[in-house]
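Undergrad: Encoded as structure tokens, here's the structure I'll be asking about.
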Amino acid sequence: MREKILKAIGGIPAESLYNYINQGIVTYQELLEHGLDKFPEKKAYVESKLSTGEQSAWKDAEQMNTVEGYDKYLSLFPTGAHASESRVALTSLEDSYWQQIQQNISDQSLSNYTRIYPNGKYLAQCDALLSDMPWFETKKRNTIEVYKIYAANYPGKHVDEIKQAILAIEDENDWSHAAQVNTTSAYKQYLDKHPHSNHATTAKERIANRSQKEIVLDAIRKDDN
């Protein structure tokens, strides 16, 4: 639709051209580049409407004081009276915006960052994530099955990380089983498989405690006899 509008500026009413700009389908700059100057009356109408709309958009952006608000203003008025102020505000919000993205990383959120901050301080990290989104999605799901699927689809990539991730999952699964069974034998089996894990000390303590209890129980049994 955008291409059709830019090719048919002369046949489109000025009101419609303004609406297309307001809807984000085209920009005023694009209309200029494709011949809006050839139609002075249309240009004057669009500029008048944009001037009125710009003040409202800037007021909204200031009140919101968010990346989304300033970005919306710039998308509508890239060379507007407050364009410079918007870019300064965006720069001050960059750190918090990047932290927001970290909470919900996706192709869309990362692409938005590169568009809003083409020279941003986190651009290298952003590009790295974008180039390896399958790995990020795999880590986010964090199951043995998805790690094995990734390894099969991308042989040679993240080999050590996959190995460590699978070991960590197996460790937690085996520890959950040992704790649920709660026997000396179960804890010993766990230690045989994971002698240096984070739960190893707890497993040894529980074995020692159970051994003490068994000694006491044996003594009680002998007294009863």
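Undergrad: Could you check how many residues of the stretch 21-44 are open to solvent by 80 Å² or more (accessible area, probe 1.4 Å) and either in contact (Cβ under 8 Å) with a residue 40 or more places away in the chain or part of a helix (DSSP H, G or I) (or both)? Please lay out each step first, then the result.
TA: Of all residues in the stretch 21-44, those open to solvent by 80 Å² or more (accessible area, probe 1.4 Å) come to 22-23, 33-34, 37-38, 40-41.
Then keep just the ones that are either in contact (Cβ under 8 Å) with a residue 40 or more places away in the chain or part of a helix (DSSP H, G or I) (or both); that gives 22, 33, 37-38, 40-41.
Residues flagged as open to solvent by 80 Å² or more (accessible area, probe 1.4 Å) and either in contact (Cβ under 8 Å) with a residue 40 or more places away in the chain or part of a helix (DSSP H, G or I) (or both) within the stretch 21-44 amount to 6.
Undergrad: Evaluate the following for Gly53: is it part of a helix (DSSP H, G or I) and at pLDDT 90 or above?
TA: When the stated conditions are applied, Gly53 does not pass them.
Undergrad: Could you list, in sequence order, all residues of the stretch 90-116 that are part of a helix (DSSP H, G or I), of a type in the set (A, V, I, L, M, F, W, C) and under 8 Å from the mean Cα position of the chain (by Cα)?
TA: Within the stretch 90-116, Ile101, Leu110 qualify.
Undergrad: State the number of residues belonging to the stretch 172-199 that are β-branched (Val, Ile, Thr) and either open to solvent by less than 40 Å² (accessible area, probe 1.4 Å) or in contact (Cβ under 8 Å) with a residue 60 or more places away in the chain (or both).
TA: Just the residues of the stretch 172-199 that are β-branched (Val, Ile, Thr), to begin with: 181, 183-184.
Still in the list and also either open to solvent by less than 40 Å² (accessible area, probe 1.4 Å) or in contact (Cβ under 8 Å) with a residue 60 or more places away in the chain (or both): 184.
The number of residues fulfilling the criteria is 1.
Undergrad: Testing Phe39 on (1) under 34 Å from the mean Cα position of the chain (by Cα); (2) over 20 Å from Thr79 (Cα atoms); (3) of a type in the set (Phe, Trp, Tyr), one condition comes back false. Which one is that?
TA: The single condition Phe39 does not satisfy is (1).
Undergrad: Is the stretch 4-21 home to any residue that is touching an Asp or Glu at 6+ places or on another chain (Cβ under 8 Å) and modelled with pLDDT of 90 or more?
TA: yes
Undergrad: Scan the stretch 133-154 and tell me whether some residue there is without any contact (Cβ under 8 Å) to a residue 24 or more places away in the chain, outside any helix (DSSP H, G or I), farther than 28 Å from Glu68 by Cα and not basic (Lys, Arg).
TA: Yes, the conditions are met somewhere in the stretch 133-154.
Undergrad: Right, another one. Against the condition under 22 Å from Pro118 (Cβ atoms) and surrounded by fewer than 16 Cβ atoms within 10 Å (Cβ to Cβ), how does Pro78 come out, does it pass?
TA: Here the answer is yes, as Pro78 does meet what is asked.
Undergrad: Among Asp160, Asp127, which is part of a helix (DSSP H, G or I), surrounded by fewer than 14 Cβ atoms within 10 Å (Cβ to Cβ) and modelled with pLDDT of 95 or more?
TA: Values: Asp127 fails: modelled with pLDDT of 95 or more.
That would be Asp160, the only listed residue that is part of a helix (DSSP H, G or I), surrounded by fewer than 14 Cβ atoms within 10 Å (Cβ to Cβ) and modelled with pLDDT of 95 or more.
The values are calculated or read from the model by the stated rules, or taken from the named source; none is laboratory data. This is a predicted model, so every value here is computed, not measured. Cβ: placed from backbone, ideal geometry, glycine included. Neighbour counts: every protein chain shown. The area values use the complete protein model at the heavy-atom level, side chains included, leaving out ligands, DNA and RNA. Shrake-Rupley method; radii C 1.70, N 1.55, O 1.52, S 1.80 Å.
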